[in-house]
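Quick notes on the structure that follows.
The values are calculated or read from the model by the stated rules, or taken from the named source; none is laboratory data. Just so you know, these numbers come straight off a predicted model, no measurement behind them. Because the Cβ atoms are built from the backbone with ideal geometry, glycine has one as well, and the counts that use them run over all protein chains shown. All accessible areas refer to the heavy atoms of the entire protein, side chains included, with ligands and DNA or RNA removed. Shrake-Rupley method; radii C 1.70, N 1.55, O 1.52, S 1.80 Å.
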Amino acid sequence: MKSPARFITLEGGEGAGKSTQAKKLAAALKRRGISSIGTREPGGSPGAEEIRNLIVHGEPGRWDTLTETLLIFAARADHVVRTIKPALAARKWVICDRFIDSTFAYQGAGRGLARETIRRMEAIVLDDFRPDLTLILDLPVETGLARASGRGQGAARFENFDVEFHERLRQAFLAIARRSRERCVVIDASANAEAVAEAIWKTVAKRFKL
Ligand code: TMP
């Protein structure tokens, strides 16, 4: 029997190469006859993409942290219901560039919102829906920020927070990986893109016995 469609998320700080790796993973799955969709957060559905524009542009202090987190969860609710769950139901794998762990890292560790507050929103929006596998792309903060500033994509609001903010993010993602060992795998993202793609593929193939 065909294995069930899986929900895979990529996480990490700025400039970790998540979107490149998401595309490479989709291509690797396709070579094995597995169809997938690529999506991202904030965003991933028409309404959530509109909310994304409010979140990723403008001054770092544009939003009060609680308001920002509510916007992120509003986008996530729409994305899960309109994009992720229908794709999985249609037996397509879902590869998502960022998801719930980014909220614990950015709004929690980064911006200081209490973890319990995020947990309560998580319970309302996701219930027990979680990724089957989360790949945490880890690299030194300076390397990531240098890569991110070179790509000129315009979603730069969080790049403009200070270096200590980004260091807290890195430690937060690593702590999430330690707490959720059954779901998360840390990938060294400082290597070149091909080597990172290889490490990701090995992890995915092993996890899902492909
Ligand atoms: P990206 O597409 O370049 O990763 O940009 C999305 C930005 O949104 C990134 O700077 C991280 C931020 N973000 C949060 O702050 N919290 C979240 O929950 C998510 C999904 C993203």
Arg32 versus Ala205: modelled label distance in nm, points set 7 Å from Cα along the beta carbon direction: 0.8
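In whole percent, how big is the carbon plus sulfur part of the accessible area of the chain, probe 1.4 Å, protein atoms only?
Details: 5360 of 10200 Å².
With neighbouring chains kept in place, the figure for the chain is 53 percent.
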Nearest-0.05 FRET efficiency for Ala146 and Ala90, computed from C-beta distance (R0 25 Å): 0.05
Lys pairs, the chain - Cα-Cα below 16 angstrom, 8 or more residues apart or on other chains: 9
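To the nearest 20 debye, what charge dipole does the stretch 41-114 have about its Cα centre, counting +1 at the Cβ of each Lys and Arg and -1 at the Cβ of each Asp and Glu?
Working: 9 positive and 9 negative charges, 74 e Å.
Around 360 debye, computed over the stretch 41-114.
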Ser180 paired with Glu198, simple spin-label distance in nm, labels 7 Å along Cα-to-beta-carbon: 2.9
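Stretched out fully, how many nm does the piece from Arg130 to Val81 gain, at 0.36 nm a residue minus the Cα gap? All intermediate terms of the calculation are to be shown ahead of the outcome.
On the way: separation 49, 0.36 × 49 = 17.64 nm, distance 1.33 nm.
Additional length available on full extension: 16.3 nm.
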Debye intensity ratio I(q)/I(0), log10, the stretch 53-210, q values 0.12, 0.21 Å⁻¹ (C-alpha model): -0.58, -1.66
Solvent-accessible area per residue for the chain (1.4 angstrom probe, square angstrom): 49
